[in-house]
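Trainee: Submitted below is the structure of interest, expressed as structure tokens.
The values are calculated or read from the model by the stated rules, or taken from the named source; none is laboratory data. The structure presented is a predicted model; accordingly, all values stated were derived computationally and were not measured. Positions of Cβ are backbone-derived with ideal geometry, glycine not excepted, and every protein chain shown enters the neighbour counts.
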Amino acid sequence: MHRYLAGEDDRRRMLAAVGCSSVEELFKSVPAEVRCGELALPPARSEEEVRREFWALAGRNIAPECTASFLGAGVYRHVTPAVADALLQRGEFFTAYTPYQPEVSQGTLQAIFEFQTFICQLTGMEVANASLYDGATAVVEAVLMAHRLVPNRPKVVVAGSLHPDYRAVLDTYCAPQSLTIITVPADPMGRVDAATFAKAVGNDVCAAVVQSPNFFGVVEDLPALAAVAKSAGALAIHAVAEATSLGILAPGGVFGYDVVCGEAQAFGIPAAFGGPHLGFFATRQAHMRQLPGRLVGETVDSEGKRGYVLTLSTREQHIRRAKATSNICTNHGLMALAATIVLSLLGKKGVRDVALASHATAEYLKSGVGGLGPGVRLAFPGGPTYNEFLVLHDDPDGLLARMKEELILGGVSTTRFGAGLTRGFLVAATEHNTRQDCDRLLDALRRLA
Amino acid sequence: MSDKTSLRQREGLIFERSSPGRVGYQLPPLEVPPVDPAKTIPAELLRGEIQELPEVSEVDVVRHFTRLSKWNYSVDEGLYPLGSCTMKYNPRINEEVVRLAGLAQLHPLQPEDQVQGALALMWELEQALIAITGMARVTLQPAAGAHGELAGMLMIRKSLADRGEHRRVVLIPDSAHGTNPASAVFAGFDVVEVASTPEGTLDLAAIARRLEGGDVAALMVTVPNTLGVFEPEIVKAAKMLHERGAFLYMDGANLNAFVGIALPGKMGADALHINLHKTFSTPHGGGGPGAGPVAVSEALVPYLPVPMVEKTGNLFTLSSDRPKSIGKVRGFYGNFGMLARALAYIRSLGRDGLRLMAEGAVLNANYIRKGLEGEYHLQYTGPSLHEVVFDDSLQAAAGVKNVDIAKRLLDYGFHPPTMSFPLIVHGALMIEPTESDGIDELDAFIAAMKAIAREARENPDLVKGAPYGTPVRRLDEVRAARQPVLRWQARKA
Amino acid sequence: MAQPTDRLYTKTHEWVQIKGGEATVGITQYAQEQLGDVVFVEVPAPGKQVAKGGVLGNIESVKAVSEVFAPVGGEVLAANGELDGHPELVNQDPYGKGWLVRLKAAGAPEGLMDAAAYEKFVAEESH
């Protein structure tokens, strides 16, 4: 038999109890025409063999750990406290299921309640859900919520400085909803100009989406853009791809946005080649019943003790079915727990320190790049940035490849995102990058660009 | 009976542990010049320290989350017979390999030559899932089953549009999981519910009638169905749909019942999502993350989301050269961390182990069915595969409902079965033991259920007042919904 | 169980009371029993036109949502604002304080049951 299964004797005794002489009898209801023979797969492997296969797979990759790495564009390498993974590996957390039986799930439920609170604190909003898959789908859910709240308006205005992947996913989801997406391109400062935005956001627009810091790393004029949306009666949506930015940047909640949503991976969640990450979604109390995803609420038990339960479940697919606010069921609960642990460890001081250090490191690089000459220059020298900026270069792929030979992952080439973007590369910095890393990058750019 | 309230502190919220000046983490010293953001960013775009964030030490955090964890029941603790969820053992070798730096730290936008191992892993998983399902190709992008449903329905929609057709209707049986109609609507379809037969299976005559309208895009079906019974006419249903130019979407939530025994590809499925967090052991995590790859037939291959991993010789690439693709359904390529775990599991079990897994799942469910028949009512008596749906009608005479039985089961140290699903069984108790447990655990579960049935007869109030031994007693869900409190707030001074 | 005789009933367990061209609509005792504790009531805004048999609103319990269908068509004049903070009124007093909507009736009520007929209907349905 196998170490994950019961044994021969278990099987023999159970077959006797159910009155079958073989397991095959239990599959009588499966017709011959759909049966398969032996699966075309290798035989069972021991742990040691599985390890070897995965070491070999891992060995064929270049782990950023072994390099000076400045990769961003939606995924950021920040603090990874040792304690976080130790707690996440407790089987009580990661082998539990969705807390449908609250009396034996208070651990999960309370942790999610804390997560919801942290997200409200970071975003300045009143209510947050228990997580979504990622930043891209979070933005989609925000737009779809806006469409439900303002159903007679078929248009969505999106800043051209929105992450191209977020935009691509929005296109996929909006196609069957007969929603038209209008793009307002970024101006020469790398931001969306409020006057241009206002021309696009008419009274046939249900949602206006702005990402800040945006895909180019530039901090948008959030208050001005919110005002445009509100005066047109559209829902204002603030998308965030680098959640640690909320440590020093004022969030949409402060400026009257209806939704602040996006990606919280930056709070200690591994890059893991793109997933699982952590979508977050926060909104106003008034929109509470249109919120997608799970919600944990506080209550009491029959003895008056405080406890937590999933609540307002009638919004969700298992009850509302075709009329649900979202089709989401399984979300990213363990990642929400991970972020909750990291945010607890960072706390008031740490959230700010991480943001200040990331910003300072990026500013140091920016000033260094600024002095390198015409072949390598900042795309938006005047635009305020948090921890990421766009550097223009004619052959970003070639330059990055040469830097990789020196064990420097200098940034993300814009060529990854299609032909429409100016040729260059995005450089992101976090508290993870040492001064030595930074000086090596600047030196390499000087020599190799 | 377990007493979970002993030796347990009453743990408050992390915010309630906060004490000024405590720190939980220290950054390395800043080596670059510090920057005052007020000098680099316009003042109105800045914020100060977030006062409400807690100040706790590392020890506080460890105590807090360790205590919280002890309030959870989990698969590691015991049988977790939640029907439709497949709560099987989550192997630790999967956790080890996924944490290798060469996998965990990879940035998705690193150039392909730097991530050949990751692409190879995704390729290997796709090949394995093709072997397991008998379908043509598999997208690994969707983050969950429902996400996969949406992707599959979008592919069907695009395929029809390609033919110049815009069929609006998707047929869904009344026994379906709620995500099915929700996903169909999100994909732009109208849902028409089809009543099940008295045996709880697909009503082919009703489906045939509905197909005559010419506006049916697809039928969404779960195999075996949500009663745990194999759909006897699935092949015929697929043929009927295909003859009319419609598609068969298969919800793969119950795949654990027939891996290595049958192939959805032979059943005529056009798109099938696979819940890696169910059949392939990736951990449920208290509510995800999961992964919902979608296997498709040749007809839908052109519409798969981009990018797909392609192999040329020994080289792997991420190809977005798919002009008919539905596009992207999420950022990057998939929940890679879960994909890696699933591949490790498939390797650990291997071709024989996977079949033994399905056999074990079906045998365990039938053993429980045998043990409880007579004690609990069975509305649909067809042959069970990996799950069995009892209901509370024998106990209802004493006023004891499935909810009460579930809460009393907590006192016996077990997680209850799924309740009130499928909708076609009133007072449902859907039991799916999976293959993980041996006869002892199943016997203990059966004994507990029998004891509760006896209590329902002899002392119904005891059952109705349960649970007694859990960290909290029955919680007031009405209050939580009427007066929603969805976050902690600092008390105003 | 005796239903109030001063109103008419539907097969979907709504009641309607018409006075001077205005129809007040609520759900019956049986309906609120089936639903369990009401946690939220969603009703349309004044001015909305509803056809007879059309969806007038939704009533939510913790685990279910039930649509409320209009016994007569017409224009919504008012919704019961008390239910915002006190949805339990639907359970406690379904025929009085738990009323849902007041409509300007578009015509005379048709095809509805009187109290006796509704009682018989409920008795049959519960078997």
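Trainee: When you check residue B:343 against the structure, is it surrounded by fewer than 24 Cβ atoms within 10 Å (Cβ to Cβ) and aliphatic (A, V, I, L, M), yes or no?
Mentor: no
Trainee: Using the structure shown, decide if residue B:239 is surrounded by fewer than 21 Cβ atoms within 10 Å (Cβ to Cβ), farther than 16 Å from residue B:156 by Cα and facing chain A (nearest Cβ under 8 Å).
Mentor: No; evaluated as a whole, the condition is false for this residue.
Trainee: Can you tell me which residue among B:390, B:414 is in contact (Cβ under 8 Å) with a residue 40 or more places away in the chain and closer than 29 Å to residue B:289 by Cα?
Mentor: Among B:390, B:414, only B:414 is in contact (Cβ under 8 Å) with a residue 40 or more places away in the chain and closer than 29 Å to residue B:289 by Cα.
Trainee: Continuing with this model, one more query. Answer with yes or no whether residue B:401 is touching a residue at least 60 places away in the same chain (Cβ under 8 Å), touching an Asp or Glu at 6+ places or on another chain (Cβ under 9 Å) and either surrounded by fewer than 19 Cβ atoms within 10 Å (Cβ to Cβ) or not hydroxyl-bearing (Ser, Thr, Tyr) (or both).
Mentor: For residue B:401, the condition - touching a residue at least 60 places away in the same chain (Cβ under 8 Å), touching an Asp or Glu at 6+ places or on another chain (Cβ under 9 Å) and either surrounded by fewer than 19 Cβ atoms within 10 Å (Cβ to Cβ) or not hydroxyl-bearing (Ser, Thr, Tyr) (or both) - is not met.
Trainee: Scan the helices (runs of 4 or more DSSP H) fully inside the stretch A:109-224 and keep the ones with 1 or more residues being under 27 Å from residue A:99 (Cα atoms), touching a residue at least 60 places away in the same chain (Cβ under 8 Å) and among the acidic types (Asp, Glu).
Mentor: A:135-149
Trainee: From B:365, B:361, B:406, which residue is closer than 21 Å to residue C:36 by Cα and either in a strand (DSSP E or B) or small (Gly, Ala, Ser) (or both)?
Mentor: Exactly one of B:365, B:361, B:406 is closer than 21 Å to residue C:36 by Cα and either in a strand (DSSP E or B) or small (Gly, Ala, Ser) (or both), namely B:406.
Trainee: Still on this structure, please answer the following. How many residues, within the stretch A:32-54, are touching a helix residue (DSSP H, G or I) at 6+ places or on another chain (Cβ under 9 Å) and more than 7 Å from chain B (Cβ to nearest Cβ)?
Mentor: 2
Trainee: Out of (1) touching a Ser or Thr at 6+ places or on another chain (Cβ under 8 Å); (2) more than 7 Å from chain A (Cβ to nearest Cβ); (3) closer than 30 Å to residue A:313 by Cβ, what's the single condition that is false for residue B:142?
Mentor: With respect to (1) touching a Ser or Thr at 6+ places or on another chain (Cβ under 8 Å); (2) more than 7 Å from chain A (Cβ to nearest Cβ); (3) closer than 30 Å to residue A:313 by Cβ, residue B:142 is out only on (1).
Trainee: Within the stretch C:15-127, considering only helices (runs of 4 or more DSSP H) that don't extend past its boundaries, which have at least 2 residues that are basic (Lys, Arg), surrounded by fewer than 20 Cβ atoms within 10 Å (Cβ to Cβ) and on the phi > 0 side of the Ramachandran plot?
Mentor: In the stretch C:15-127, there are no helices (runs of 4 or more DSSP H) which contain 2 or more residues that are basic (Lys, Arg), surrounded by fewer than 20 Cβ atoms within 10 Å (Cβ to Cβ) and on the phi > 0 side of the Ramachandran plot.
Trainee: Shifting gears a bit: How many of the residues in the stretch B:110-137 are in contact (Cβ under 8 Å) with a residue 60 or more places away in the chain and either within 7 Å of chain A (Cβ to nearest Cβ) or outside any helix (DSSP H, G or I) (or both)?
Mentor: 10
Trainee: Can you spot a residue in the stretch A:10-21 that is in a helix (DSSP H, G or I), surrounded by 19 or more Cβ atoms within 10 Å (Cβ to Cβ), within 7 Å of another protein chain (Cβ to nearest Cβ) and among the basic types (Lys, Arg)?
Mentor: Yes - at least one qualifying residue is present in the stretch A:10-21.
Trainee: Residue under question is residue B:61, and the condition is that it be over 26 Å from the mean Cα position of the chain (by Cα) and under 30 Å from residue A:220 (Cα atoms); does it hold?
Mentor: no
Trainee: Right, next: Is it true that residue B:156 is buried (at least 23 other Cβ atoms within 10 Å of the Cβ), within 12 Å of another protein chain (Cβ to nearest Cβ), within 20 Å of the chain's Cα centre (by Cα) and among the hydrophobic types (A, V, I, L, M, F, W, C)?
Mentor: No.
Trainee: Now for a separate question. Which numbered condition trips up residue B:287, out of (1) at the interface with chain A (Cβ under 9 Å from one of its Cβ atoms); (2) out of contact with any Ser or Thr (no Cβ under 8 Å at 6 or more places or on another chain)?
Mentor: Failed condition: (2).
Trainee: Considering every residue within the stretch B:439-460, establish whether at least one is in a loop (DSSP other than H, G, I, E, B), over 20 Å from residue A:310 (Cα atoms) and small (Gly, Ala, Ser).
Mentor: Checked against the condition, which is being in a loop (DSSP other than H, G, I, E, B), over 20 Å from residue A:310 (Cα atoms) and small (Gly, Ala, Ser), the stretch B:439-460 yields no hits at all.
Trainee: Moving to a separate point now. Mind telling me which of the residues B:44, B:58 ends up being surrounded by fewer than 17 Cβ atoms within 10 Å (Cβ to Cβ), facing chain A (nearest Cβ under 7 Å) and modelled with pLDDT of 95 or more?
Mentor: Only one candidate passes the filter, namely B:44.
Trainee: Checking residue A:278 against (1) at the interface with chain B (Cβ under 7 Å from one of its Cβ atoms); (2) under 16 Å from the mean Cα position of the chain (by Cα), which test does it fail?
Mentor: (1)
Trainee: Right, another one. Determine whether the stretch B:318-330 contains at least one residue that is touching a residue at least 60 places away in the same chain (Cβ under 8 Å), of a type in the set (D, E, K, R) and part of a helix (DSSP H, G or I).
Mentor: No, the stretch B:318-330 contains no residue that is touching a residue at least 60 places away in the same chain (Cβ under 8 Å), of a type in the set (D, E, K, R) and part of a helix (DSSP H, G or I).
Trainee: Here's another thing I want to ask about it. Any idea which of (1) touching a residue at least 60 places away in the same chain (Cβ under 8 Å); (2) among the aromatic types (Phe, Trp, Tyr); (3) in contact with a strand residue (DSSP E or B) (Cβ under 7 Å, 6 or more places away or on another chain) is the one residue C:40 doesn't satisfy?
Mentor: Of (1) touching a residue at least 60 places away in the same chain (Cβ under 8 Å); (2) among the aromatic types (Phe, Trp, Tyr); (3) in contact with a strand residue (DSSP E or B) (Cβ under 7 Å, 6 or more places away or on another chain), only one is false for residue C:40: (1).
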